[in-house]
Amino acid sequence: MGHPLIRKRDKNLGVLELVAIALGGMVGGGIFTILGISVSMVGAFTPIAIAIGGTIAALAAYSYIKLGVYYKDEGATYTFYKRTFPNSPFAASLIGWWVIFGYISTLALYAYTFSSYAISSFSFADNEMIRKMIAGAIILLFTLINIWSVKGMGKVEDAMVYTKLIILTIISFVLMNHANTTLPKLMQSEPNIDLFAILIVSSVTFVAYEGFQLVINAVNEMEKPEVNIPRAIYLAIFLAVVIYLVISIGAILTIPFKDIIANKEYALAAGARDILGQWGANLVIAGALLATSSAISGTVFGSSRQMATIAKDGYMPAFLAKRDASNIPNRAILSMSFFAFLLILSGNLRVILEFGSVTFLLVSLLMAIANFTIRKETKSSATIALAAIFGLLFSAALILYYEFENHREQLYFILGLYLLLTLSAWGYARFKKRS
């Protein structure tokens, strides 16, 4: 996935700018989305689940970093797999379809979260259809911006990334300052939470760390990729974990769990309103809208170009590869936005979140397998690569197990999507092989 920030510089992006690119993708509504669902499942142990999720993300990042330094190709996920397994059209096609629909699910997730917070102060805040229509409207807005006015988006994106980080920091300190209990006390009051449940939540929330690979898309604009890629990605993941931890701890120490769970789509805004009044709610809403807006913008921009590249290679419908006179892949942008809205209409917050997490766990698993396959060339540790493969596979399996036990209809929906994607990938791979 690309990012408007990347296009602004001709060269020499530094570590701080690369970290901003990654954080712009990662802190894109993730904490606003996962908090309510996490608290409903593991209560006060939410920060532990978030920290474990960060560890899984760091394991996943290891293979991206090694492959990124080895190939030095801005195509990232899709290109890495295609180049590692050049004689397998199905492998290239499969990861292409999976990663694009992974981005479509995050686009849906960010838009759904944007909408939930945008209407959280109104009497119709819990009206599902209004929420979905506003989510569609914000996707449409950024679709039009990306088609008609891409040039100015770099500066707008810079402003959104840094402003949202400042607001999130203020929210964190304000919440912590109003704490009326301690984390150990809350944990002691919930003796029935086990490690298995915490691991399930850490897997479900993996999508909140999706975005670190954006750094690799900027490989042609940076000096010393072998140094800057690992530094920027690991630092960005660390900072994302810290941001998520501080906000989640502040929230669970100040907002009653029943309120977080009841208002899970906009838990922080509802809690801040009860504690700080309307100004606190407005601050949280502003942070959420900025966070999700910057993430929607970056996702539409970057993933549409990756979709056009995959289509150009013959693994997706050919019309998606077409670009206008300004080199903007209009059809890919419109297609991504259409499917994101379709996902919003057909699912709910939880199913979108879980589909996104499973997809990026599986894509990261394929990256780890690719890295392990050429570990000598990438100078990778076989132990770390295997640990990543096991951790990512286990996490994906945990989500599917949880769905099987608790939400079987949602599981069938997710598996049905994967079946459609896999069959599409297989069909285009066969067509490519014949031609």
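Taking the condition among the small types (G, A, S), closer than 16 Å to T113 by Cα and in a helix (DSSP H, G or I), does G302 pass? No; evaluated as a whole, the condition is false for this residue. Among all positions in region 252-271, there is no residue which is aromatic (F, W, Y), more than 17 Å from M176 (Cα to Cα) and surrounded by fewer than 18 Cβ atoms within 10 Å (Cβ to Cβ). Per the listing L366, L417, L392, L349, the residue uniquely touching a residue at least 60 places away in the same chain (Cβ under 8 Å) and in contact with a Leu (Cβ under 6 Å, 6 or more places away or on another chain) is L392.
To keep it simple, each residue is scored yes or no on (1) in a helix (DSSP H, G or I); (2) surrounded by 21 or more Cβ atoms within 10 Å (Cβ to Cβ).
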| position | (1), (2) |
| --- | --- |
| V174 | yes, no |
| T181 | no, no |
| S202 | yes, yes |
| F206 | yes, yes |
| P230 | yes, no |
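In the set I247, I166, I170, which member is buried (at least 18 other Cβ atoms within 10 Å of the Cβ) and either out of contact with any strand residue (DSSP E or B) (no Cβ under 9 Å at 6 or more places or on another chain) or not basic (K, R) (or both)? Spell out the reasoning first.
Working: I166 fails: buried (at least 18 other Cβ atoms within 10 Å of the Cβ); I170 fails: buried (at least 18 other Cβ atoms within 10 Å of the Cβ).
On inspection, the qualifying residue turns out to be I247.
Hey, among the residues in region 296-327 that are among the hydrophobic types (A, V, I, L, M, F, W, C) and at pLDDT below 80, which one's surrounded by the fewest Cβ atoms within 10 Å (Cβ to Cβ)?
Residues of region 296-327 that are among the hydrophobic types (A, V, I, L, M, F, W, C), as a first pass: 296, 300-301, 307-308, 310-311, 316, 318-321, 325.
This time we only want the ones that are at pLDDT below 80, so: 301, 325.
Working: F301: 26, A325: 5.
Result: A325.
Taking region 1-117 and the helices (runs of 4 or more DSSP H) fully enclosed by it, the elements with 1 or more residues that are at pLDDT below 85 and not hydroxyl-bearing (S, T, Y) are at 4-7, 15-26, 30-42, 76-84.
Criterion applied to L411, L417 was being farther than 22 Å from S202 by Cβ and within 21 Å of the chain's Cα centre (by Cα), and the one residue passing it is L417.
Residues in region 142-157: is at least one closer than 22 Å to S294 by Cβ, β-branched (V, I, T), touching a Leu at 6+ places or on another chain (Cβ under 7 Å) and modelled with pLDDT of 80 or more? Yes, because at least one residue in region 142-157 is closer than 22 Å to S294 by Cβ, β-branched (V, I, T), touching a Leu at 6+ places or on another chain (Cβ under 7 Å) and modelled with pLDDT of 80 or more.
Working carefully through the options V215, V241, find the one that is at pLDDT below 85 and either part of a helix (DSSP H, G or I) or of a type in the set (V, I, T) (or both). Spell out the reasoning first.
Values: V241 fails: at pLDDT below 85.
Result: V215 is the single residue among V215, V241 that is at pLDDT below 85 and either part of a helix (DSSP H, G or I) or of a type in the set (V, I, T) (or both).
The values are calculated or read from the model by the stated rules, or taken from the named source; none is laboratory data. Since the model is a prediction, treat every value here as computed from it, not as a measurement. As a convention, Cβ positions derive from the backbone with ideal geometry for all residues, glycine included, and neighbour counts pool all protein chains shown.
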